[in-house]
Amino acid sequence: MQKKNTQAIPLSIKTKGKKLKADLELLRSKALELGAAGAEIIRANQLVVDERVRLKCSIPRCLRVGETPNCPPHAPDLDLVRKAFARYSYGILIKTLVEPLEDYAPGKSRDNSGTDRSLLFHQKTAKIVYEIERMAYQHGYALAMGLGGGSCKDYLCHGLVCQFMDSGRCRFPLRARPAMEALGIDVVDIISKVGWTAYPLLGEASEIPCATSVGLVLID
């Protein structure tokens, strides 16, 4: 009797392509279900990594520069970022609306716990990015990587001293991650490619049509 072959049969390229397409759409739909105002599937090669974006963290100087391991100058080297991004195929670009914007004006509004809500500008995006990255991992994309907006010191630690920089032990090791800009990603460029609009947060809140926070989950 011929011995039955019990080895796993590799998926064909065509089958893999169908699975990836279905999984990407599932992840995109899940992001919307979790509260994203928009979610788009992009090709990873659409991302532009630009040294000028990284430099804008310092000129004019962001308050978080040097204060977390995910912010410049501690964020990963841009050459490493480019090489890593070249190994990814697609990404789920996610945006959330920050509203009402007046509640997030720096130092002007605190919630019931006394937290300055301006620190939480990117909190909703970060939560969705975390869930989509986790879901991608569960679907077999072990190298899925999520990136948020703003500093993790704000939306996770509410402005407290970064515990990792102080003692080497992060309070939120699975949720803390670099902002897209900290890795040199030109966010304005990529959102324009999917038809989204960005408005500079200058002047009075009443003069700004809407405020958005953007995150990304890369799929290998």
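Some notes on this structure:
- A Cβ-based charge dipole, computed about the Cα centre of segment 18-219 with Lys and Arg at +1 and Asp and Glu at -1, lands at about 680 debye.
- Each of L32, Q138, C57 was scored by the projection of its Cα onto the charge dipole of the chain, and the greatest displacement toward the positive side belongs to Q138; charges sit on the C-beta of Lys, Arg, Asp and Glu.
- Taking other Cβ atoms within 10 Å as a rough exposure proxy, D189, D23 sort from fewest to most as D189, D23.
- Checking the Cα-Cα distances for K30/K56; K19/K153; K127/K193; K19/K95; K30/K193 against a 27 Å cut-off, the pairs over it are K30/K56; K19/K153.
- Estimated [θ] at 222 nm from DSSP helical runs (n ≥ 4, -39500 (n - 2.57)) normalised by residues in the chain, nearest 500: -8500 deg cm²/dmol
- In terms of its C-alpha gyration tensor, the chain comes out prolate, because a/c is 1.5 or above and the ratio a/b outweighs b/c.
- When C210, C152, C62 are arranged by Cβ crowding within 10 Å, least crowded first, meaning fewest neighbours, the order is C210, C62, C152.
- Looking at the chain, the DSSP beta bridges with both ends there are about 95 percent antiparallel.
- Paired Rg and Dmax values of segment 147-220, which use every Cα atom, in angstrom: 15.1, 43
- Residue among F172, Y199, S151 farthest towards the positive dipole end of the chain, charges placed on Cβ: F172
- Sorted by Cβ density within 10 Å, fewest first, the residues L119, L202, L183: L202, L119, L183
Each reported figure results from applying straightforward, stated rules to the coordinates on display, with no laboratory input. Source: prediction; values computed, not measured. Note that we place each Cβ from the backbone using ideal geometry, even for glycine, and neighbour counts take in every protein chain shown.
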